[in-house]
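Read through the structure below, which is laid out as structure tokens, and then see the notes.
Please treat every number below as a calculation from the coordinates, not as lab data. Predicted, not measured: the structure shown is a model, and the values here were computed from it.
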Amino acid sequence: MTVEEYNKSVDLYSDNIYRFILKNIKNTHEAEDIVQDTFEKLWVRSSEVSFEKVKSYLFTAAYHTMIDKLRKNKRSTTVDDFESFNISHSDTYSDLNAILNDALKRLPEIQRSVILLRDYEGYAYNEIAEITGLNESQVKVYIYRGRLALKEFIGKIEALI
């Protein structure tokens, strides 16, 4: 990868990676650090990464860097620690984005990550599997369970309007 291609990849993907990380960890400074670490890793391995594969490499590196930081800070949520979505949103409220963000916060880390990669970033199941290190069927299961939890939390769409 040339310096021009590296700079172009920064311009093309830094905002998307930042949004993805920020949606997961809700800390702007940590998200900025993770994005910077990710591009530093790309710079070190720029001779090994082709420009055609740079997007996948960046999201994979950002995801793994985020997981490492979460583990280091012992903030990761496991499925066993996750409380069930027994609460549903029944009040009338018109800010669907705020409700969805609140529901996403309640998901376990892995479910939130795969849903964000699929629904916000538009990755295919096989690409998400490559980024997260899961197999494709695990990705589908996590997305399905996450969407069910989101649906249960949000409740009926008529209650939101």
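Some values worked out for this structure:
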| item | result |
| --- | --- |
| Dimensionless Rg ratio for the range 96-160, taking C-alpha atoms and the 2.2 N^0.38 Å reference | 1.13 |
| Links that overshoot a 24 Å alpha carbon limit, given the list K72/K151; K105/K140; K8/K41; K41/K69 | K72/K151 |
| Inter-part distance where the range 42-59 and the range 10-32 are each reduced to a Cα centre, Å | 17 Å |
